[in-house]
Amino acid sequence: KLTERLKGIDLHLSSDTHERSFEPIDVNGVWVVEPGAFGSFMGKIELTLKGDVITERRWSLIPLEASRFPEAADIAARVEEVMRPHRESLERELGEVAETMARYDVVETTIDNLLADALRAETGTEIALSNGFRFGTPLLPGPFTEADLYNLYPITMPVKTGEVSGQQLLDFFEQELENVFSADPERRFGGWVTRLSGVELTFRAFAPKGERIERIEINGEPLDPHRIYTVTACEREGDAFDTLCRIPHVQNPKVLDFDAHEAVRRYLRKERVLRAPDRDRVIALDLPRHTRSQLLQPEPRDSTSKKEPPVVGGEED
């Protein structure tokens, strides 16, 4: 969208969506490219010029595999020097990982479900919400250390609870889906779909704004628009005190005396062994099961199907 407006440019090096552009996106002859996330690739652009005219363009993604690029001894020594004072605390074991967990998915990930589960378990609320983080390499079976915790959740904030109505939740989830899947790129905010614990959500990514949700349940029961639910999320700097994970006007907001990192530590002390939570809480009916990109096209749909109201509970059902 930005490239369509800009005049007089030949190449747009994009970044913040962390897309892997295996092929350039051609916008009226201007290439838009990104090299992905997590240091997985180096993007290489080669331009051949004749005077000030580009006569040839080549783009490629170079996989940054350890087997292909040996460690540089001088850099390794410098890293060790910086890390030495922190090594003991970072290598402290917090628990055990039994199954591989990963983060790279637009709709739902096992790592983020783990954080949401820890938040809900350590506060006792009916629902927990976590932002759809993009950062973090896969978590492999073996010891889970303090360093792993910082790798998965590099920013941490105080845990916050509050009470919201079912209608507030419904409005919030519809807006969050619009933030991720809006047909207008300028209306996409907040990264990927919010991660959930205590909630099951079925939706259509390509439905109109405000009409995406097909079914929503809270701990196995249809959402009741008139009921008040208890919710855990994180306190974000700059938010109004009665805002909870972008939900405004919550009742009885309370900032607790521990942060998201401590919630995971406490969860580990009780669970000890971590297993990958199921990826069945958020289901998109018109997307692949694994969705790595927000550059999406709708899958074929039954043209005879009709949009039904979301399945919720309450007096009006």
How many residues are open to solvent by 20 Å² or more (accessible area, probe 1.4 Å), of a type in the set (Asp, Glu) and modelled with pLDDT of 95 or more if we restrict to the stretch 175-205? 1
Those residues that are farther than 20 Å from LEU114 by Cβ and touching a residue at least 60 places away in the same chain (Cβ under 8 Å), I need them from the stretch 185-212; list them, please. PRO185, GLU186, ARG188, THR202, PHE203, ARG204, ALA205, PHE206, ALA207, GLU211
Of the conditions (1) more than 23 Å from ASP257 (Cα to Cα); (2) charged (D, E, K, R); (3) over 15 Å from the mean Cα position of the chain (by Cα), the single one that ASP148 does not satisfy is (1)
Where a residue in the stretch 233-258 is within 13 Å of SER165 (Cβ to Cβ) and open to solvent by 40 Å² or more (accessible area, probe 1.4 Å) and its partner, wherever it lies, is among the acidic types (Asp, Glu) and outside any loop (DSSP other than H, G, I, E, B), with Cβ under 8 Å and at least six apart: GLN251/GLU163; ASN252/GLU163
Residue pairs, Cβ under 8 Å, 6 or more apart or interchain, first in the stretch 77-104 and among the aromatic types (Phe, Trp, Tyr), second open to solvent by 60 Å² or more (accessible area, probe 1.4 Å). List them. TYR104/PHE38; TYR104/ARG292
Counting residues that are out of contact with any Gly (no Cβ under 8 Å at 6 or more places or on another chain) and open to solvent by 70 Å² or more (accessible area, probe 1.4 Å), which strands (runs of 3 or more DSSP E) fully inside the stretch 51-160 reach at least 1? 53-63, 93-97
Among the residues of the stretch 279-291, write down those that are open to solvent by 30 Å² or more (accessible area, probe 1.4 Å) and either out of contact with any strand residue (DSSP E or B) (no Cβ under 9 Å at 6 or more places or on another chain) or free of Cβ contacts under 8 Å to residues at least 40 places away in the same chain (or both). ARG279, PRO288, ARG289, HIS290
Which of the residues belonging to the stretch 259-278 are outside any helix (DSSP H, G or I) and open to solvent by 40 Å² or more (accessible area, probe 1.4 Å)? ASP259, ARG272, VAL273, ARG275, ASP278
Filter the stretch 36-47 down to the residues that are open to solvent by 50 Å² or more (accessible area, probe 1.4 Å) and assigned to a strand (DSSP E or B), then identify the one that is modelled with the lowest pLDDT. MET42
Check whether at least one residue in the stretch 176-191 is assigned to a helix (DSSP H, G or I), closer than 17 Å to LEU285 by Cα and of a type in the set (Asp, Glu), and report yes or no. yes
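The values are calculated or read from the model by the stated rules, or taken from the named source; none is laboratory data. Being a predicted model, the structure only gives us computed values, none of them experimental. Please note: Cβ atoms are built from the backbone with ideal geometry, for glycine as well, and neighbour counts cover all protein chains shown. To get the accessible areas, we keep the full protein, side chains included, count just its heavy atoms, and leave off ligands, DNA and RNA. Shrake-Rupley method; radii C 1.70, N 1.55, O 1.52, S 1.80 Å.
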